[in-house]
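Here's the structure we're looking at; comments come further down.
The values are calculated or read from the model by the stated rules, or taken from the named source; none is laboratory data. The shown structure was predicted, so the numbers you read here are calculated from the model rather than taken from an experiment. Cβ: placed from backbone, ideal geometry, glycine included. Neighbour counts: every protein chain shown. Ligands, DNA and RNA are stripped out before the accessible areas are found, and what is left, the full protein with its side chains, is counted by its heavy atoms. Shrake-Rupley method; radii C 1.70, N 1.55, O 1.52, S 1.80 Å.
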Amino acid sequence: LTRSDPASLQNFNMLKRKGVTEKVFDQYDDFEIFALVDSALMELYPENKHVKDHHFRVEQARYRIKVENLTSERLLAGREAPEIKLETPSGEAVSLSSLKGSPVVLYFWASSDAPSRKANQQLVKLYDNYKNEGLKVYAVSLDKYEEMWKAAIRIDKLEWINVSDLSGMGSPISFMYNIPEDLPYIFLIDREGMIIMKTGKIQELEEPISRLFE
């Protein structure tokens, strides 16, 4: 890309160019470049259809990045975990805040996700070690199919609080907690409802959980 002439046709074509399987530049990962070209093009050709289309995509990316940054700040250690209230397989609505007074593992997973199913077994062992001391697990399934979700709960023997809105990764809860595509994803929450840490690995929970019960 030519930074000295951001409005050049070469730059505009490069941003739209595709490699073998995907775009060479991404409007989110390379937002600074897209915004630079957009600003220059809009100044010179504000009525051009292709320039206006590019500007619309840049503004969409700008809004999404802003929201994601705000979400990330809200999920830092020491912040209160945003409220969740979803239904269990039996239809009972259970809120995350109802567990205040106990340390909570907030666990995002999906029955169709192989790493989640492996992590289920690791978390079951960890939960068994601390459930009598008061540890709670609030497991949010990012599934779409109710029967698959219920079957996984039964097969993996997930004897904790299981909830879902059966909206998959498109769930508003997934957006609220900025959940990545790679599952599982876990938040450790203290007795007051404050976030202690977040991780994608069950084994990273063992030491901080043990400290909570010292």
**Item:** aspartates and glutamates with Cα under 12 Å of Lys201, excluding same-chain neighbours fewer than 8 positions away
**Value:** Asp182
**Message:** Checking the a/c ratio against 1.5 first, then a/b against b/c, what shape does the Cα gyration tensor give for region 125-214?
**Reply:** oblate
**Fill in**
Among trypsin sites (Lys or Arg not before Pro) in region 144-206, those in a DSSP loop whose Cβ has at most 14 other Cβ atoms within 10 Å are Lys157, Arg191, Lys201
**Message:** Below 12 Å, Cα to Cα, which aspartates and glutamates can Lys52 reach? Residues fewer than 8 away in the same chain don't count.
**Reply:** Asp38, Glu43
**Fill in**
Rounded to 0.05, the calculated FRET efficiency for the beta carbons of Lys157 and Ser98 at R₀ = 22 Å is 0.40
**Prompt:** Can you list the aspartates and glutamates whose alpha carbon is less than 14 Å from that of Lys157, not counting same-chain residues fewer than 8 positions off?
**Reply:** Asp128
**Prompt:** Under a 1.4 Å probe, what is the accessible area of region 146-194 per residue, stated in Å²?
**Reply:** 51
**Message:** I want to check the label-to-label distance for Gln60 and Glu206. Put each point 7 Å from Cα in the C-beta direction and report it in nm to one decimal.
**Reply:** 4.5
